[in-house]
Amino acid sequence: MKAIIPVAGAGTRLRPHTHTTPKVLIKVAGKTIIEYIVDEIIKYNIIDEIIFIVGYLGRQIKEFIEKKYKERINLSFVFQSERKGLGHAIYLTRNRIDGEPVLIILGDTVFKADFKNIINSNENFIGVKEVEDPRRFGVVFLNKDNQIERFVEKPKTTESNLAIVGIYLIQESRELFKKLDYIIKNDIRTKGEYQLTDALQLMLEDNVKMEIFQVDKWLDCGKPETLLATNKELLEEYGNNRGAPNSIIIPPVYISETANIKESIIGPYVSVGDNVVITHSIITNSIINDGAFIERLLFTRSLIGREAIIRGIYRHFNIGDSSEVNLG
């Protein structure tokens, strides 16, 4: 079985970080987003090749993936020069799939799911998660037999709260690529793009049966606030709570072995990357990426990019009654 992971998006909602770093290489709780995805799927020893669809800053992704995983699993890369939708991205891999089952996983979320049962099955499965507001997502509607009846991309109503989480196990890959070929050659677009869900809907209409499986965890990394929320949840499981000289560490945190922290208070919910230097600072609920330098600061709910340098200054006040101080 082969896996397809599209990672060609520009990650515009995470700018300015994604101006220079691909979204999937942003770290959260000590690991890049793509590492969480790849580590999860290769541990079952069923996938024999992963095909990455790259585009924006694709060379960085390719170099990172090859360095990290080339000794562990077969890798290949397909370049998407124009972002025309997920359906178009998957279609670009058609010459690399020879009718075998495919596992498609979107490269922009962190998930946890038990693949054992579905991978060993002969059925088609779509990963879903119940959400409060399904209007932000693609959703599935089920028939009376609990099988998928139709797909709707960002519905206007809340009749179904089963959001598609971006995990698709397709046994009939030839049928999938046949439908993708049809929608592209006939220029069938939804919201201006060639959608994977449109091809899946055509498969349903040709009586290809699909079932759902619910993922255990689905964590969004698309915006600064959701990235920090994901960091917070993952630190509960993956934090290392390493200490630092003359500092106070409030768990859960992740602190790289190569980070240098002095006379600071770090945590809770802080991830500190490789070769970061932090002195005389107080930091909570933040992600500090590799090589950053932070001195004399107090902050929270912050994302600090690679090699960023931030210096502050402490002040001392002796202020009397009914005074007003404006430091803006």
**Item:** Charged-residue dipole, Cβ positions (Lys, Arg, Asp, Glu), the chain about Cα centre, Debye nearest 20
**Value:** 780 debye
**Message:** I'd like the GluC sites (Glu not before Pro) in the range 32-105 restricted to DSSP loop residues with at most 16 other Cβ atoms within 10 Å, sorted by number.
**Reply:** E71, E82
**Message:** Using alpha carbons only, how many angstrom separate the centre of the range 1-79 from the centre of the range 211-228?
**Reply:** 17 Å
**Request:** Starting with the fewest neighbours, write out V102, V270 ranked by other beta-carbon atoms found within 10 Å of each beta-carbon.
**Result:** V102, V270
**Message:** At 0.36 nm per residue, and after removing the present C-alpha to C-alpha distance, how many nm does the segment from F299 to R242 gain when stretched out fully?
**Reply:** 18.5 nm
**Asked** Residue farthest toward the positive end of the dipole of the chain, with Cβ of Lys/Arg at +1 and Asp/Glu at -1: which of G239, P101, L298?
**Response** L298
**Extended-chain gain in nm, criterion 0.36 nm per residue less alpha-carbon gap, T158 and N122** = 9.8 nm
**Message:** Could you tell me the calculated FRET efficiency between D98 and R311, based on Cβ-Cβ distance and R0 = 41 angstrom, to the nearest 0.05?
**Reply:** 0.10
**Request:** Mind sorting S281, S81 by how few other Cβ atoms lie within 10 Å of their own Cβ, fewest first?
**Result:** S81, S281
**Prompt:** So for the chain: antiparallel DSSP bridges make up what percent, rounded to the nearest 5?
**Reply:** 35 percent
**Prompt:** With point charges of +1 on the Cβ of Lys and Arg and -1 on the Cβ of Asp and Glu, referenced to the Cα centre of the range 102-257, which listed residue (I119, V253, Q147) lies farthest in the positive direction of the dipole?
**Reply:** V253
**Simple label model, 7 Å out from Cα along Cβ direction - I212 to T20, nm** = 4.3 nm
**Complete:** About its Cα centre, the range 118-250 carries a charge dipole, from +1 on Lys and Arg Cβ atoms and -1 on Asp and Glu Cβ atoms, whose size in debye to the nearest 20 is 340 debye
**Asked** Helix 33-42: angle to the longest alpha-carbon principal axis of the chain, degrees 0 to 90, nearest 10?
**Response** 50 degrees
**In nm, spacing of pseudo-spin labels at M1 and I73 (7 Å Cα→C-beta vector)** = 1.1 nm
**Message:** Between 0 and 90 degrees, rounded to the nearest ten: what's the tilt of helix 224-238 against the longest Cα principal axis of the chain?
**Reply:** 90 degrees
**Complete:** Relative to the chain, whose Cα atoms define the longest principal axis, helix 173-185 and its Cα axis are tilted in degrees, nearest 10, by 80 degrees
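Readers should treat all values here as calculations from the given coordinates under stated rules, not as data from a laboratory. Not measured: the values here are computed from a predicted model. Note: ideal-geometry Cβ built from the backbone for every residue, glycine included; neighbour counts use all protein chains shown.
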